[in-house]
Structure formats: C-alpha cells, structure tokens
Amino acid sequence: MVSGVNNGYRIGMNWWKLYLVLLALISVMWPVRIAYLGLLTLGLVYFIGGRVLMAVVERISLERVTDQTRLFPGDTTGIALKLTNPTPLPIAWLSVREHLPVEIQGGAVRQWVLSLPAKATGQVQYVVTGRRRGIYQLGPVTVTAGDYFGLHQVQRSFALFHQLIVYPRVYPLQELGLNPTSPIGPLPPPQRIYPDPSRFAGVRGYQPGDPRRAIHWKATARTGQLQVKQFDHTITADTLLALNLDAREYSVDSWLTDSELAIETAASLAYYLGQRDQPYTFLLNSSLPGSPQDWLRIPWGKGQSHLMETLEVLARARCAPAGDFPQLVAHQARSSPRGATLLLVSPGDSAALVATALSLVESGYVVKIFVTGGVSHRQWLHRPSGSPLQILQVRGQQLRQSGVI
C-alpha cells in the first residue's frame, strides 16, 4: 500500500458566528444563567471544535490498495482508496475527491461522501477503462471533513498518485494481414541447441567430463555407480524486433493513425514471440518522454516479464523526429548472433532500408520488413517464408474502417 502525503489544510466557517454574537447580546441584556451556559457551550464548540477536527483529520491516513495498474485497451479495473481514522473521535462526514487526467474519462473528478467512526476504516472504489495507449497519473486526492454542527470544515490534500499503464492493442496476426502460423518463417540456421533442465529424459552412466551438478545422486546410490541426468534439448532462434517511429518518414496527413498501427504491429509481434518463449531484443529509434537518449534498446530476454517490459515501452512510445532507422538497425544488428532474424516495422520500405537489409542478409541474417504504409519494392513481396529477405505489408485499412484505429 502507498500512503499519501499531506500538503496543506483549509478551515471553513459558516454563519454560526452570528449566532454567538446574538447570544452574547441576549446574555448582556437578560443576565440569565442558562444564557451564559449556552454562550459558554457554543463558544467552546466554535473555538475549540475546529482545532479538534483539524487534529483528527491530521491523523487520518489515506492509502491505495495498489500503486500501479496495467490494462489493455477496452479492459476495466477498480481503483480503491482506503481511509483510516485511528483517533477515538468520529468524523461526521468526509468528502473524497480523486482527480483524473483528461485522457481518462474526460478528466472527470470522482467524489464520494461517507462518515468515518472512531478507530475505523472506510474504502471507496471506482472503475476506470483503458481507452487509449499511454502512461497516466491519477491523483492527487483531496479530503474535506466536517463536524456534526456544521460549524467547521477542514480540507486536506494528499499527494497520492496512481500510475495507470494502458498497453498498445494486440491483434491476432491474421487481422494485420500476416500469416498467423509463422510470420517469421522457420527457424533459420544456424540453430542453437541447449539442454533444457525442465525436460528430464532419464539417466546414464557417468563419463569423464560430465559436470558434477549433472550427477543423479539417488540413482547413484541405488546402482552403486555414478549416474548423470539426461535432458531433452530445446531449439531456439534469436530475434531482433525494431520499430521505426521517425516522424519524418510518416505522412503528414495520417501520421497519427499510421504510427499507432506501427506500434500495434510491433506489440503484436512481441506478443507472438513472447507466447512462444522465444528470445528477442527490442530496438526503438525514438526517445521516451523524459529520456535523454534518442533511441532505446531492451536487452535480450524472453518470457512474460520480458514481454511486459516491451509493451510498457510501447505504451510510452511517441512518433517524433528521430535518428536514422536503417543506420541504427545496421549498427545494432552486429551485436546479434549470426543467423538471427531481424523483424523491422516501418511506415515504408525506403531504398536505404532495403539496402541495409540486403547487406545484413549477405552477413548471414534473415530480415523481414513489416510495412504499415505503401510498398515500393514489390519484388520482395510474397516471397516464401523461408526467404532471407521478405517484405510483408500490414493491412490496417480494415481496422481503420471498423474504428479500432
């Protein structure tokens, strides 16, 4: 849980001050004991009640059940706020206001009113929907409390924020006009073969050179001779996934929808690789907000956590003037093992990009260029999936007509 930080109070008083003045005049004009008692009681309530309410509100705590939420477009989730009153005094009423960014439900303010008994907790919750890719900050939270007499109001602001991450939309590959079976073709040679410790295949007799950690001690004790474990082998192929978000290569008229399609294509390919537990590295030629670099690379990895890291980068990504994409790919590809597959997502197949791809093919790499716009080098379209160089055209027209992008 994440606690809020107080950054100020405000006390509001109403027209009960007029009642005290009238009661004081009555006490002077008609010196009756009950009038003095009433004046004393209301005076104490008026002058001390506000300070008591302030002290109580100062001690209440506000927490979020979680400090971060991750969604895909269209997903919904509940955001919960927990209030705790540790004092022996109740709070008559509390108004809780949560400030939302403009991109989340039009920047609306969520507000609730509840009472908080002594030494009790209360919780409020609301639902948000991931509508558009991005990183959003919810908060701060403002709490206003009042007493039973309506004399005082105390306002406290909590610098309590919540990060909402909306990932890019991920499509089945056939919806992008790609081969749903294998958009990158068969595993290219050379194939790297590794023993997989999760695939136990049996035991055999010890041979000189076998590592000590491979010894199967139970089988050794049972047979009286050293036995070692055997594992099945796993075939893997390394992949470099690169996305071109250089705004200079996008059409002025459609750069927003075209860049979103490119980001969603990269997300769909990353999802494809992640579901197959295939190792890959991700390359982006555009800086993220707040980053001094003009490009970004996620190191080699695989699995669910690696996929989530890639999708979070894509959630932050923005189309802007960036570094030369073919040059960056040519430089970064050299750190990939020979025989690796390069998946390049770009708005077009420029002459420089195709020339770079041909050079990398000559060096032993397999290159697939995913074009989200028009294709210029059509001779590389519809090549067999095992071809070392292939251009695949992403068809986003149907998605645009359906209003998805």
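Structure above, values below:
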quantity: Test: residue in segment 91-114 that is open to solvent by less than 60 Å² (accessible area, probe 1.4 Å), free of Cβ contacts under 8 Å to residues at least 12 places away in the same chain and among the hydrophobic types (A, V, I, L, M, F, W, C); calculated: yes
quantity: Segment 116-141, subset surrounded by 13 or more Cβ atoms within 10 Å (Cβ to Cβ) and among the small types (G, A, S), residue farthest from E260 (Cα to Cα); calculated: A120
quantity: Residue count, segment 298-318 (criterion: in a loop (DSSP other than H, G, I, E, B) and crowded, with 21+ Cβ neighbours inside 10 Å); calculated: 1
quantity: Per-region count, segment 381-391, residues modelled with pLDDT of 90 or more and either among the hydrophobic types (A, V, I, L, M, F, W, C) or open to solvent by 40 Å² or more (accessible area, probe 1.4 Å) (or both); calculated: 2
quantity: Pair list, Cβ < 7 Å and 6+ apart or interchain, from segment 364-391 residues that are farther than 19 Å from A330 by Cα to residues that are open to solvent by less than 20 Å² (accessible area, probe 1.4 Å) and among the hydroxyl-bearing types (S, T, Y); calculated: T372/T265
quantity: Criterion (charged (D, E, K, R) and within 24 Å of Q393 (Cα to Cα)) met by exactly one of D277, D258; calculated: D258
quantity: Tabulated pairs, segment 253-269, first among the hydrophobic types (A, V, I, L, M, F, W, C), second part of a helix (DSSP H, G or I), C-beta under 7 angstrom, 6+ apart or interchain; calculated: W255/A247; I263/L314; A266/L314; A267/L311; A267/L314
quantity: Residue among D349, D324 that is at pLDDT 90 or above and touching a His at 6+ places or on another chain (Cβ under 9 Å); calculated: D349
quantity: Where a residue in segment 142-164 is more than 30 Å from A315 (Cα to Cα) and open to solvent by 40 Å² or more (accessible area, probe 1.4 Å) and its partner, wherever it lies, is of a type in the set (D, E, K, R) and not in a loop (DSSP other than H, G, I, E, B), with Cβ under 9 Å and at least six apart; calculated: Q153/R10; Q155/R10
quantity: Residues that are closer than 17 Å to E309 by Cβ and not hydroxyl-bearing (S, T, Y), drawn from segment 159-174; calculated: Q163, I165, V166, P168, V170
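The values are calculated or read from the model by the stated rules, or taken from the named source; none is laboratory data. Just so it is clear, the model here is predicted, and its values are computed rather than measured. Glycine gets a Cβ as well: all are built from the backbone with ideal geometry, and neighbour counts include every protein chain shown. These accessible areas exclude ligands, DNA and RNA; they are computed on the full protein's heavy atoms, side chains included. Shrake-Rupley method; radii C 1.70, N 1.55, O 1.52, S 1.80 Å.
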